Amino acid sequence: MTFLPEELLADQIANTIGDVRHVAVGNASPIPATAALLARERGKLTGTNRPYVSLLGSSQHTFWTDGGRELFDCAGQGRIDVFFLSGGQIDGEGNINLVEIGDHAHPKVRFPGSYGSAHLYYIVPKVILFRTEHSRRTLVPKVDFISAAGHSEPNVYRTGGPVALITNRCLFSFANGRFTLKSVHPGHTVEEVIEHTGFDFDRPAVVPETPAPTPETLALMREKVAPQLEALYPQFVEQVFGAGHRGNNNAER
């Protein structure tokens, strides 16, 4: 079966989520939202009905009535197991920059701001970093501003942090303050990943190719997940899952 890049990424994110109680997804995150709902559909098939999924901004897929404040409260109480973060810059230590590039007094670029990223990064057990632009502009040796630190000194109490970074080119795992190249997506190479990554990372002697989504996974996404996303992300659903879009993308594998 053919598949779109968004479907490959959602499948890999769902695999990284694993068996957890509660996955929360912030605003403007259609691919992580697809992955979270896919993980839930898989849980239904196995009889666990896990995880519970909260999509910020959705009236259907959340019990929150006060938006971000309840998200932070739940995380502080240890009731969120997985969350997703991104950044204008991400460096090799897992630090993310959501504030600015350049001198603080006269920045070249201003990003939307940290919001609650530093809080969530420290207390959510599994934070999956996500960036669809894999370039030396976004994956840098050192971020210009640390909005949220990827790791802390041993004397800092911390229950959360990054476990992975997924991009349009590959999947990294994260442990002990470093990224390790776990797999390279179909159509891309290790050499390409090295060329377009600004930080050093570890890798095995042989890096596997990211496996394609199975027909069963694609059926779940297209038939079960897509209808649940339509109210919150109508353009994304039409682009990725809408009739006429499958089978017409050069990035399909």
**Asked** ARG222 to GLN235: extension gain in nm, 0.36 nm per residue of separation minus the Cα-Cα distance?
**Response** 3.2 nm
**Asked** Residue separation times 0.36 nm, minus the C-alpha to C-alpha distance between ARG69 and LEU45: what's the value?
**Response** 5.4 nm
**Request:** With springs only between Cα atoms under 10 Å apart, run a GNM on the chain and tell me which of TYR115, TYR157, TYR233 wobbles the most.
**Result:** TYR157
**Asked** Mind checking which of ILE123, ILE146, ILE194 has the largest fluctuation in a GNM of the chain, springs on alpha carbons under 10 Å?
**Response** ILE194
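With a 1.4 Å probe and all protein chains left in place, how much of the accessible area of the chain comes from carbon and sulfur atoms, in whole percent? Display every interim value, and only then the final one.
Details: 6190 of 12050 Å².
The value for the chain is 51 percent carbon and sulfur by accessible area.
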**Complete:** per DSSP, antiparallel bridges as share of beta bridges in the chain, % nearest 5, sits at 45
**Request:** Using a 1.4 angstrom probe, figure out how much accessible area the chain has per residue, in square angstrom, rounded to the nearest whole.
**Result:** 48
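Would you mind checking LYS44/LYS182; LYS126/LYS182; LYS142/LYS182 for any pair whose Cα atoms are more than 26 angstrom apart? Intermediate values should be presented prior to the final figure.
Numbers: LYS44/LYS182 28 Å; LYS126/LYS182 17 Å; LYS142/LYS182 22 Å.
Beyond 26 Å: LYS44/LYS182.
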**Prompt:** At THR159 and GLN60, where each label point lies 7 Å from the Cα along Cα→Cβ, what is the point-to-point distance in nanometres?
**Reply:** 3.2
**Asked** How large is ³J(HN,Hα), in whole Hz, for each residue of region 196-203 in order, when computed from phi with the Karplus curve 6.51 cos²θ - 1.76 cosθ + 1.60 and θ = phi - 60°, using x for Gly and Pro?
**Response** 9, 10, x, 10, 6, 8, 8, 7
**Vicinal HN-Hα couplings computed from phi for region 154-164 (Karplus, 6.51 cos²θ - 1.76 cosθ + 1.60; Hz; Gly/Pro x)** = x, 7, 9, 6, 8, 9, x, x, x, 10, 6
**Message:** Using the basic label-point model (7 angstrom from Cα toward the beta carbon), what is the HIS119 to HIS106 distance in nanometres?
**Reply:** 3.5
**Fill in**
Long-range amide H partners of SER54, meaning residues 5 or more apart or on another chain whose placed amide H is closer than 5 Å, are VAL23, ALA24, VAL25
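The values are calculated or read from the model by the stated rules, or taken from the named source; none is laboratory data. If you're wondering where the values come from, they're calculated on a predicted model, not measured in any experiment. In this analysis, Cβ positions are derived from the backbone assuming ideal geometry, glycine residues included, and neighbour counts consider all displayed protein chains. Protein only, heavy atoms only, side chains kept; ligands, DNA and RNA dropped before computing areas. Shrake-Rupley method; radii C 1.70, N 1.55, O 1.52, S 1.80 Å.
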